[in-house]
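The values are calculated or read from the model by the stated rules, or taken from the named source; none is laboratory data. What you are looking at is a predicted structure, and each value in this text was computed from that prediction instead of being measured. Glycine gets a Cβ as well: all are built from the backbone with ideal geometry, and neighbour counts include every protein chain shown. Surface accessibility is based on the protein's heavy atoms, side chains included, excluding ligands, DNA and RNA. Shrake-Rupley method; radii C 1.70, N 1.55, O 1.52, S 1.80 Å.
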Amino acid sequence: MISNQILQNTMEGLKAITRVDLCVMDTEGKTLASTFNISNDYESAVLDFVNSPADSQVLQGYQFFKVFDEHQLEFVILAKGDSDDVYMVGKIASFQTQNLLVAYKERFDKDNFIKNLLLDNLLLVDIYNRSKKLHIETDAKRIVFIVETNTDREANALETVRSLFGNKTKDFITAVDEKSVIIVKEVGENESYDDLCKTAKGIKDMLAGENIPNATIALGTIVNEIKDVSRSYKEAKMTLDVGKIFYSERSVVAYSNLGIGRLIYQLPIPLCKMFIKEIFDGKSPDDFDEETLTTINKFFENSLNVSETSRQLYIHRNTLVYRLDKLQKSTGLDLRVFEDAITFKIALMVVKYMKYMETFEY
């Protein structure tokens, strides 16, 4: 249904052009939008007009008009004045309001379709039949973005994102829960994943400008048919989770760039526990002191380069070697050896994943 604010903006716009005061009422005589103060005495007059067979009439210096939605009476419009010019303005206001009804209904139908498409609630034949009915191309390239705002202002975020895409009728912006905004974006012929990531960063910057900071945006993969849009949505959902676990410093995360994190995310927990027990012999990286963990992370950041790591940690090279030797004694893994370093890195990621899943379960 059209919001009262949209109706108010429309009536004010028409008044600014025509200088005729207008009012929109519901079928019970309650004012929804108005450019002037109208007396409550007109409530009964509106009710009488609703029950009459006339589509328009003049009463006490006002002209009344009915607005229908597929033969169902939705609104009554009052135009102040009884001249022919005011009658014409009232008819224009009625026509404009009816067009708004059609536009919003079509948007609702498309929104409903996209939601059911994302959630796999449609049979294949229904996808193509409804796409045809709603004039949605079935073989266009598309990708799904999920925008998680981490605030309680999702409704505001939804409208903000919609305003960004404006008249791009081939893109769809919706929400299937209270936590995120979903964008089903049509992909241009020469658009790459890098271009799409730049678009996502632009959305994040715009949200920050609207006082919605700390948004995280996840991208699925590009699909070529509308029936595969739900797959891109599932990939984007997985990307959000994997990003939270392994790439929390990133605000834009693409499914195509998840690397080993995607693989670990799909491992069963019992297998992860066996792996950690094998590597750390019942211990946990949580048992390492902060100094050791800082040393390990910095060593990985510098691609196992002892000299550069010691320089960035402001310690002597021999001190770093001592710490690495100490870690080797406690774990049996020498981080200076590539194979051991890979094993240790994966083990740390597996532990992160297990912790996240425990938090999610409880």
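No other residue among Ser248, Ser330, Ser310 is under 30 Å from Lys201 (Cα atoms) and outside any strand (DSSP E or B) apart from Ser248.
Checked against (1) of a type outside the set (S, T, N, Q); (2) open to solvent by 50 Å² or more (accessible area, probe 1.4 Å); (3) assigned to a loop (DSSP other than H, G, I, E, B), Glu43 meets all criteria but (3).
Filter the stretch 211-229 for residues that are open to solvent by 10 Å² or more (accessible area, probe 1.4 Å) and under 15 Å from the mean Cα position of the chain (by Cα) and give the result. Pro213, Asn214, Thr216 - these are the residues of the stretch 211-229 that are open to solvent by 10 Å² or more (accessible area, probe 1.4 Å) and under 15 Å from the mean Cα position of the chain (by Cα). Number of residues in the stretch 273-315 that are in contact with a helix residue (DSSP H, G or I) (Cβ under 7 Å, 6 or more places away or on another chain), surrounded by fewer than 17 Cβ atoms within 10 Å (Cβ to Cβ), hydroxyl-bearing (Ser, Thr, Tyr) and closer than 20 Å to Phe246 by Cα: the value is 2.
Within the stretch 1-35, being open to solvent by 70 Å² or more (accessible area, probe 1.4 Å) and in a loop (DSSP other than H, G, I, E, B) holds for Met1, Arg19, Glu28, Lys30. Considering the stretch 310-362 alone, what residues qualify as being over 30 Å from Lys273 (Cβ atoms) and over 40 Å from the mean Cα position of the chain (by Cα)? Of everything in the stretch 310-362, those that are over 30 Å from Lys273 (Cβ atoms) and over 40 Å from the mean Cα position of the chain (by Cα) turn out to be Ser310, Arg311, Leu313, Tyr314, Ile315, His316, Arg317, Asn318, Thr319, Leu320, Val321, Tyr322.
Restricting attention to the stretch 80-106 and to residues that are free of Cβ contacts under 8 Å to residues at least 12 places away in the same chain and of a type outside the set (A, V, I, L, M), the residue that is least open to solvent (accessible area, probe 1.4 Å) turns out to be Ser83. Residue check: Gln60 meets all listed conditions (1) farther than 20 Å from Leu100 by Cα; (2) buried (at least 19 other Cβ atoms within 10 Å of the Cβ); (3) not β-branched (Val, Ile, Thr) but one, namely (2). Taking into account only those residues within the stretch 63-79 that are open to solvent by less than 30 Å² (accessible area, probe 1.4 Å) and of a type outside the set (A, V, I, L, M), which is farthest from Tyr104 (Cα to Cα)? Filtering first and then ranking leaves Gln63.
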